[in-house]
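Contents: one structure, followed by commentary.
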Amino acid sequence: MSLFDYTLKELQEKLHNKEITVSDLVQASYDRINEVDGEVQAFLTLNEEKAKQQAKELDEKLGSDASILYGMPLGLKDNIVTKGLRTTCASQMLDNLNDPLYDATVVQKLNAENTVTIGKLNMDEFAMGSSTENSSYQNTRNPWNTDYVPGGSSGGAAASVAANEVFFSLGSDTGGSIRQPAAFCGVVGLKPTYGLVSRFGLVAFASSLDQIGPITKTVEDNAHLLQAIVGHDPMDSTSANVEVPDYSAAFKEGVKGLRIAVPKEYLAEGIDPEVKEAVLTALKQYEALGATWDEVSLPHSKYAVAAYYLLASSEASANLARFDGVRYGKRTEKKVDMIDMFKESRAEGFGDEVKRRIMLGTFALSSGYYDAYYKKSQKVRTLIKNDFEKIFNEYDVVIGPTTPNTSI
Amino acid sequence: MADISKEQVKHVANLARLALTDEEVDTFTKHLGDIINYAELLNELDTDNVEPTTHVLDLKNVLRKDEPKEWIKKEDALKNAPDQKDGQFRVPSILE
């Protein structure tokens, strides 16, 4: 049995029983990376020297009150800012951002739990894509079959956990970017409720949708990691000031009496029969454990992708305006005036997909089109939200396949 | 159906501060047209009396006290700059 087959709780017990050390865990991560990352290509930057030093220190000061994440090696998607550790968003625009100035709030929170950052993980450039093939550096491969993609945009974050390179990772999800790669790689990925996790230090893509979330091997571990990163943050004005529940406590309750809604639109045409079968098998299992389920309708589902694409691209075009070659990031070598310096730097720094979305978003927000595209999409989003609110009046959860197909 | 012209694409590229090659102008003219035509799907819905949703939280006017506090030092703020001079970011000349 490999160390990577244990849950966080089991590993913590082994640490306290002196069966293993933090240095063993960190060494196991780097050994595995050396062994398989040439093929999986999940990592963009490694933090080896500092991580090993930190592991030694943690071994010396391990106390009986250590948190469940103490000494655990993790990976971070490369759009989560890390002080002094290169952060690129997998873009040539930030290729030279070797010395970021601060840690994202989630990184500060994990540091306080004494986790060990192993390195930064590949992604679709600025989180735009769903295969990690839009990275400007490398194509991450699906560890289960390296002819297949890991999904995206958090493809490195999902693949690194599936490949046993780290014990868990953090990704970010705007329109499926944690959930879809987690599904493709067979690991547990969660997009937390908007506002639950601070986005301070997450490089912004679409601000009305972005959330940071955990990727783990088990649901239990996912809850532990979520617990560590949630909470109100004055540095993020969209952070929700709400009471945080004890997520682990929910494990004791089981699913008896849980009311499950299954939208018929999620199991309709286009779904792989194998995926549909897997969902139905899970529902039977929940039923056997005491839950009930009904088929329901979310009638505006078919409009979600169009509305999402316009909203996300519009917001991206505004957020990515900050990359101007002045304060950090790429600046063109061409001798041009200031406006052309902006234009050429951005042309050289951004890849095709990022340019396409900036163009679409700028168009949708431009004079004469704002109402027809951006505002219209926001209104359609209200209709979609109303669909869900209606369902949640009668049901506890909505269940469906994460993706209509498995990886390709 | 909305068609997008090359001129519109060039106009938008200028607004977005993106230098495009002629080839890219052609590609984006087609891609933007395709996406916009797909988005016409949304016009099936009557949204006249629907309020737009900015995000899912019921938050308004999040303010903090206007107090000075320690943040990034000037030399730190400058250390990732492509060009700097005399403690400031330097950009190409904007005056003749």
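A few remarks follow.
- Condition check for A:Ala249: modelled with pLDDT under 95 and of a type in the set (Gly, Ala, Ser): yes
- Qualifying residue in region B:57-65 (condition: free of Cβ contacts under 8 Å to residues at least 24 places away in the same chain and in contact with a helix residue (DSSP H, G or I) (Cβ under 9 Å, 6 or more places away or on another chain)): no
- B:Val12 surrounded by 10 or more Cβ atoms within 10 Å (Cβ to Cβ) and modelled with pLDDT of 95 or more: yes
- Checked against (1) out of contact with any strand residue (DSSP E or B) (no Cβ under 8 Å at 6 or more places or on another chain); (2) surrounded by 15 or more Cβ atoms within 10 Å (Cβ to Cβ); (3) in contact (Cβ under 8 Å) with a residue 40 or more places away in the chain; (4) not in a helix (DSSP H, G or I), A:Gly270 passes all but condition (2).
- Qualifying positions in region A:293-305 - buried (at least 19 other Cβ atoms within 10 Å of the Cβ), facing chain B (nearest Cβ under 9 Å) and not hydroxyl-bearing (Ser, Thr, Tyr): A:His300
- Sole exception among (1) within 7 Å of chain A (Cβ to nearest Cβ); (2) basic (Lys, Arg); (3) more than 24 Å from the chain's Cα centre (by Cα); (4) surrounded by 10 or more Cβ atoms within 10 Å (Cβ to Cβ) for B:Arg64, by number: (4)
- Search result, residues across region A:344-373 that are closer than 15 Å to B:Glu40 by Cβ and of a type in the set (Phe, Trp, Tyr): A:Phe363, A:Tyr369, A:Tyr373
- Any chance A:Ser23 is hydroxyl-bearing (Ser, Thr, Tyr) and surrounded by fewer than 16 Cβ atoms within 10 Å (Cβ to Cβ): no
- Of residues in region A:306-326 being within 19 Å of B:Ala13 (Cβ to Cβ) and at the interface with chain B (Cβ under 7 Å from one of its Cβ atoms), the one surrounded by the most Cβ atoms within 10 Å (Cβ to Cβ): A:Leu310
- Looking across region B:28-54, the residues that are assigned to a helix (DSSP H, G or I), within 8 Å of another protein chain (Cβ to nearest Cβ) and crowded, with 16+ Cβ neighbours inside 10 Å come down to B:Phe28, B:His31, B:Leu32, B:Ile35, B:Ile36, B:Ala39, B:Leu42.
- First in region A:98-111 and within 14 Å of chain B (Cβ to nearest Cβ), second anywhere and crowded, with 22+ Cβ neighbours inside 10 Å, Cβ under 6 Å, 6 or more apart: A:Pro100/A:Val81; A:Pro100/A:Thr87
- Residue within region A:364-373 that is touching a helix residue (DSSP H, G or I) at 6+ places or on another chain (Cβ under 8 Å), at negative phi, part of a helix (DSSP H, G or I) and facing another protein chain (nearest Cβ under 7 Å) present: yes
- Region A:330-360 - residue that is within 9 Å of chain B (Cβ to nearest Cβ) and of a type in the set (Gly, Ala, Ser) and, of those, nearest to B:Asp3 (Cα to Cα): A:Ala347
- Within region B:69-96, the set of residues being more than 22 Å from A:Met93 (Cβ to Cβ) and in a loop (DSSP other than H, G, I, E, B) comprises B:Lys69, B:Glu70, B:Trp71, B:Lys73, B:Asp86, B:Gly87, B:Ser93, B:Ile94, B:Leu95, B:Glu96.
The values are calculated or read from the model by the stated rules, or taken from the named source; none is laboratory data. Keep in mind the model is a prediction, meaning the values are calculated, not measured. For neighbour counting, all protein chains shown are included, and Cβ atoms are generated from backbone atoms with ideal geometry for every residue, glycine included.
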